[in-house]
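Right, one structure below, let's go through it.
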Amino acid sequence: MEEVPHDCPGADSAQAGRGASCQGCPNQRLCASGAGATPDTAIEEIKEKMKTVKHKILVLSGKGGVGKSTFSAHLAHGLAEDENTQIALLDIDICGPSIPKIMGLEGEQYVEDNLGVMSVGFLLSSPDDAVIWRGPKKNGMIKQFLRDVDWGEVDYLIVDTPPGTSDEHLSVVRYLATAHIDGAVIITTPQEVSLQDVRKEINFCRKVKLPIIGVVENMSGFICPKCKKESQIFPPTTGGAELMCQDLEVPLLGRVPLDPLIGKNCDKGQSFFIDAPDSPATLAYRSIIQRIQEFCNLHQSKEENLISS
């Protein structure tokens, strides 16, 4: 598969097909003709559909295996504890849809009255089926999720994304750009190899003008449920997530210690909060969720002030 030039100006740019970086690109002639700059009518359709969704939160991670889908599910469960709050959880990890399993919804589409879930996993004949799609088909699926699903009146739409900064991320940001995304929560683990990828994710957010709600350090040590002693399960890093957040001027929303029940409950499709209400991990999650709610409320107030002024 041919690579897009590193400094591609984009199909909607005045320099499309004419810039120095366009030389040798297989799409140069198409971009220069202006055909690639045709407005996508789905953007306006999605904007209209999203008018009934108050807050939109993306959950990102530059690296796989850091607990991003687990966090998305816990964020949805935590917000949905208020029966008057309507939550929607959208899984756009097209090739690795784990949300149906984590939410206990394989073969189903809803958890409870105020929490709805949508994932490509619901469209597969078997959980073992591999989704072997190129970028355009993935983008088309995301467009369908946002435009064609009847989301109804929703207080929070949580979007669980795959690792990286590629097709799915660009598509969801582009399609939701006019619908006002509240921001992104970025998940990491303490080791440096994860923090390196998080720095890329933060850079991605800034390039596409996506607000950053903050960073969550997942699996931040292990607290023994019996002796209550904390052990570091990852090798220490130079400063860790806290120093990285200070350097990059992004909030550290909190640290979630590892609890064995989290993995067990995800495998069973059950809420960890119910089985371990006093766990240090549960308390950390609740604190982080409160900070996310405060950010979204402040973001909403700023938008309302801009509209009224």
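The values are calculated or read from the model by the stated rules, or taken from the named source; none is laboratory data. Since the structure is predicted, the reported quantities are computational estimates derived from the model, not experimental observations. Every residue, glycine among them, receives a Cβ derived from its backbone with ideal geometry; neighbour counts consider all protein chains shown. Just the protein is used for accessible areas: all its heavy atoms, side chains included, with ligands, DNA and RNA removed. Shrake-Rupley method; radii C 1.70, N 1.55, O 1.52, S 1.80 Å.
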#### Entry: Rule-of-thumb Rg ratio for the stretch 121-182 [Cα; 2.2 N^0.38 Å; N residues]
1.22
### Query
Taking the radius of gyration and the Kirkwood hydrodynamic radius from Cα positions alone, what is the Rg/Rh ratio for the chain, to two decimal places?
0.98
### Message
To test your reading of the geometry: what angle, between 0 and 90 degrees and rounded to tens, separates the Cα axis of helix 68-80 from the longest principal axis of the chain?
### Response
70
### Query
Heavy-atom accessible area of residue 70 with all protein chains present, probe 1.4 Å, nearest 10 Å²?
30
### Query
Per 10 Å bin, what is the whole-percent P(r) computed from every C-alpha pair distance within the stretch 105-223?
10, 36, 36, 17, 1
### Summary
Ordering 96-103, 191-198 by per-residue average of other C-beta atoms within 10 angstrom, highest first, gives 96-103, 191-198
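How big is the Cα convex hull of the stretch 66-127 in projection, averaged over all directions, in nm²?
Its average projected convex-hull area is 4.0 nm².
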### Task
Using only Cα atoms, find the angle between the long axis of helix 192-207 and the longest principal axis of the chain, and express it within 0 to 90 degrees, rounded to the nearest 10.
50
#### Entry: Helix 280-308 axis, angle to the chain major axis (alpha carbon atoms, nearest 10°)
40
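To check you understand DSSP bridge types, tell me what percent of the beta bridges within the chain (both residues inside) are antiparallel, rounded to 5.
The antiparallel fraction comes to roughly 10 percent.
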### Task
Please calculate how many Å² of accessible area the stretch 150-274 carries per residue, with a 1.4 Å probe and no DNA, RNA or ligand atoms counted.
47
### Task
Pull up the DSSP beta bridges for the stretch 153-309 and report the antiparallel fraction as a percent, rounded to 5.
15
### Query
Which lysines have a Cα lying under 19 Å from the Cα of residue 101, excluding residues fewer than 8 positions away in the same chain?
68, 264, 268
### Query
Name the residues of the stretch 258-301 whose amide N is less than 14 Å from a point 7 angstrom out from the Cα of residue 85 along the C-beta direction?
285-298
### Message
For residue 138, give me every one of the aspartates and glutamates with a C-alpha distance below 19 angstrom, ignoring sequence neighbours fewer than eight places off in its own chain.
### Response
2, 3, 40, 45, 91, 93, 128, 129, 148, 160, 167, 168
### Message
Beyond 17 Å, how much of the Cα-Cα pair distribution for the stretch 175-257 remains, as a whole percent?
### Response
50
### Task
Could you work out how far apart the two model spin labels at residue 137 and residue 48 are, taking each label as a point 7 Å from the Cα in the direction of the beta carbon, and quote it in nm?
3.0
### Task
On the protein heavy atoms, probe 1.4 angstrom, tell me the percent of accessible surface of the stretch 40-186 carried by carbon and sulfur.
45
